[in-house]
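Asker: Sharing a structure here in structure tokens format.
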Amino acid sequence: MLTRRQFVACAALLAVSGWAGHTLISPAAAQSADQGAASFIQKLGNDAIATFSDKSLSRDQAIQRFRKLLYAGFDVPYIGRWVLGRYWNNANEAQRTEYQKLFEQLIVNTYAERFVEYSGETFKITGVAPAGESDSMVTTQIVRPNGPPVNVSWRVRKVGADYKIIDVVVENVSMGVTQRQEFASVIEQNGGRVDGLIQALRQKVGRAG
């Protein structure tokens, strides 16, 4: 379901590891949040590079570390709900539970293939700015050994005392929006039934159902 360009975003993930709210915050607090978001991306990047450079890990160990990194950096449940869009409200509790498990597995399976092929990508933070009223957009440039640099922006939301990535924008293309469109298309092709998407995800991640 992911394009080559989205796989480039995975290289960005390997290197560093409308969604605005309605809470009003002061300019000083916003600046502090932006700085916190940039520091969060920087630390996640440093941790990721250290992990991905370790070629002594087995594939299973690599996948387990990837899953931990994924949940350390990304608000996967939120992204899963947002990507499903209006169909989330049409799904019953059992469908939501299975969908979220499959969505997580899809991300892990898809990116694990790139994870184990890490080949020295590096990144640098090029800017940070408020995004809406509650998020920050951290812009980075991914430097690849055998290709031109890639511009990647990370939409970061403060969740309690932590920061979480809620979208990745690669060369001005939102991965969240792209996947939301793809999932909606699958559902529409199956008569508007969420079960149609769930079945497609089962097949995609290799699970029987």
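The values are calculated or read from the model by the stated rules, or taken from the named source; none is laboratory data. Here the structure is a predicted model, which is why all the values come from computation and not from measurement. Note: ideal-geometry Cβ built from the backbone for every residue, glycine included; neighbour counts use all protein chains shown.
Asker: What about R114, is it at pLDDT below 80, surrounded by fewer than 16 Cβ atoms within 10 Å (Cβ to Cβ) and basic (K, R)? Can you show your working first?
Answerer: Details: at pLDDT below 80: yes; surrounded by fewer than 16 Cβ atoms within 10 Å (Cβ to Cβ): no; basic (K, R): yes.
When the stated conditions are applied, R114 does not pass them.
Asker: Right, another one. Are any of the residues in the range 46-60 outside any helix (DSSP H, G or I), at pLDDT below 80 and surrounded by 18 or more Cβ atoms within 10 Å (Cβ to Cβ)?
Answerer: No.
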